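Notes follow once the structure below has been shown.
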Amino acid sequence: MSWGIELWDQFDNLEKHTQWGIDILEKYIKFVKERTEIELSYAKQLRNLAKKYQPKKNSKEEEEYRYTACKAFLSTLNEMNDYAGQHEVISENMTSHITVELARYVQELKQERKSYFHDGRKAQQHIEICWKQLESSKRRFERDCKEADRAQQYFEKMDADINVTKADVEKARQQAQVRHQMAEDSRADYSSILQKFNHEQHEYYHTHIPNIFQKIQEMEERRILRIGESMKTYAEVDRQVIPIIGKCLDEIVKAAESIDQKNDSQLVIEAYKSGFEPPGDIEFEDYTQPIKRTVSDNSLSNSRGEGKPELKFGGKSKGKLWPFIKKNKLSLKLGAAPEDFSNLPPEQRRKKLQQKVDELNKEIQKEMDQRDAITKMKDVYLKNPQMGDPASLDHKLTEVSQNIEKLRLEAQKFEAWLAEVEGRLPARGDQARRQSGMYEAQNPTTVNNCAQDRESPDGSYTEEQSQESEVKVLATDFDDEFDDEEPLPAIGTCKALYTFEGQNEGTISVVEGETLYVIEEDKGDGWTRIRRNEEEGYVPTSYVEVYLDKNAKGAKTYI
């Protein structure tokens, strides 16, 4: 089990994970420091600290507690609730044995991590430079071969023309020989650079990157062990002063000893492994095959009457792109997870939808750039017909336009879901809406007659849903709350701070300054249920100012 072998193409994810590990360590340091401050007061403040550092439900932080070190930390927090009285000695011992030592260790860990990823980026930049040199020599080789072929054809044409002088024929022959020599030189240079690149690539994927990632893995495992040792120290400090809570401390030690750095490393592999194999060697592409004859001094007479050879050069190489040029994409389908991420908590769903909208906007911009390039090429063909047929680009232009429309519809679908989520998170909604609407502001035009199917990133196909069905999906959150309900009594009043257009089922429209009755307060989802005469519905809590009747049934008291 080695990160250098299993995670050879996960440089960015490892960088994020190791930074996350340092953040966890700093979080633990902060926790211990605050614990020492609270030790000077009473048990109630100590229990508040434990509650403060409990992971929040339905948040990304909760997912981080799959790792054994984090589970041990969580167990420590739970045991803290049983603590009773504390005194100043505990504060002093924890400060000297944990906080100071871990703070010094964190600084050393940051320097070590910075060094390893600096070496990784340096190796990555080197292989990128080698790749660019290879592409340059390859294009030069192709160009010289084509020029040599044109010189050869020109020489044969001059040689076959009886009206041309021998001096002109000799000049054409010499020019063809020069071009052939340049093609041979380019071929040798391309072959040499190709061999060098293949060697550098092999060293990069099988030596440099594995060695760097192995060091990073060892560093990460040392961090996991260190945080476990600190948790043991934390428990032993309490044991010395408070024998009556020894049982709680034993549980903390047990949790610390349950830390398994190998298991945590395996979890990282399961989370980030792509399954791709390192790319193989590039095959040599010989552009000299069509040139089957060699120009010699006596070719003047032998070449008369011969026809022109038909030359066909290959187009663009269809070889694989390396991960350092374009990241490999792997679409993972996890069970029957809904496309709109409705199985996630609101905040996590908002982030997922925003990320999806940004990705689609980038894809749309990419397609737009491609369409502009094709349009420019078509204009060049129209002005210079000898360079190509403008009609040959119509099919490609139509295909790109259809792709743009597909992506645009897909983006609109996710933006609709995003708008629904942001309605529940109004405090963060404005900036997210501006980001998700950035593409529409820059590209107001649309392309009609798009196909009904779209291609997903992993090459599979799914059917487009109509906007009408999307609205129905967005409205289902409120369906169950209105079935067979009796009218609820008012528990207070509210004043509309802003105008809200309730377009989805279950919502109600309000006008700024309007006063309405509150029949159900916010339950934590960002919505408040109100009544206007016989009409009831939900409005975003941030859009109204609520005045609850303290004597009403079901009303909460706010401090």
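The values are calculated or read from the model by the stated rules, or taken from the named source; none is laboratory data. The structure presented is a predicted model; accordingly, all values stated were derived computationally and were not measured. Counting neighbours? That spans all protein chains shown, and the Cβs are built from the backbone with ideal geometry, glycine included. The accessibility values were calculated without ligands, DNA or RNA, using every heavy atom of the protein model including side chains. Shrake-Rupley method; radii C 1.70, N 1.55, O 1.52, S 1.80 Å.
Here are a few things to note about the model shown:
- Residue that is more than 19 Å from Ser191 (Cα to Cα) and among the aliphatic types (A, V, I, L, M), where the choices are Ile98, Ile129: Ile98
- Spans of helices (runs of 4 or more DSSP H) in the range 1-57 with at least 3 residues over 30 Å from Asn211 (Cα atoms) and open to solvent by 20 Å² or more (accessible area, probe 1.4 Å): 11-38, 43-52
- Yes/no for Val89 being modelled with pLDDT of 90 or more and either loosely packed, with under 15 Cβ neighbours inside 10 Å or assigned to a helix (DSSP H, G or I) (or both): no
- Candidate set from the range 1-27 (those that are within 12 Å of Val268 (Cα to Cα) and small (Gly, Ala, Ser)); member that is nearest to the chain's Cα centre (by Cα): Gly21
- The sole residue among Asp168, Asp264 that is of a type in the set (Asp, Glu) and within 25 Å of the chain's Cα centre (by Cα) is Asp264.
- When the test is whether a residue is open to solvent by 70 Å² or more (accessible area, probe 1.4 Å) and under 19 Å from Ile90 (Cα atoms), Lys232 passes it.
- Enumeration of residues in the range 156-200 that are touching a Ser or Thr at 6+ places or on another chain (Cβ under 8 Å), over 30 Å from Leu134 (Cβ atoms) and open to solvent by less than 10 Å² (accessible area, probe 1.4 Å): Asp159
- Condition check for Ile244: buried (at least 17 other Cβ atoms within 10 Å of the Cβ), β-branched (Val, Ile, Thr), in contact (Cβ under 8 Å) with a residue 60 or more places away in the chain and at negative phi: no
- Subset tally (residues that are in contact (Cβ under 8 Å) with a residue 40 or more places away in the chain and either closer than 16 Å to Asn211 by Cβ or among the aromatic types (Phe, Trp, Tyr) (or both)) for the range 96-131: 12
- Residue satisfying all of: in the range 354-405; in a helix (DSSP H, G or I) and of a type in the set (Gly, Ala, Ser); surrounded by the most Cβ atoms within 10 Å (Cβ to Cβ) among these: Ser401
- Among the residues of the range 257-268, those identified as touching a residue at least 40 places away in the same chain (Cβ under 8 Å) and either open to solvent by 10 Å² or more (accessible area, probe 1.4 Å) or not in a helix (DSSP H, G or I) (or both) are Ser258, Ile259, Asp260, Gln261, Lys262, Asn263, Gln266, Leu267.
- Criterion: of a type outside the set (D, E, K, R) and part of a helix (DSSP H, G or I) - qualifying residue of Val164, Val237: Val237
- Residue list for the range 247-256, restricted to those being open to solvent by 10 Å² or more (accessible area, probe 1.4 Å) and over 40 Å from the mean Cα position of the chain (by Cα): Lys247, Cys248, Asp250
- Test for Ser136: is it under 30 Å from Ile224 (Cα atoms), of a type in the set (Ser, Thr, Tyr) and either without any contact (Cβ under 8 Å) to a residue 40 or more places away in the chain or open to solvent by 70 Å² or more (accessible area, probe 1.4 Å) (or both): no
- Filter pass, Arg226 being among the charged types (D, E, K, R) and in contact (Cβ under 8 Å) with a residue 60 or more places away in the chain: yes
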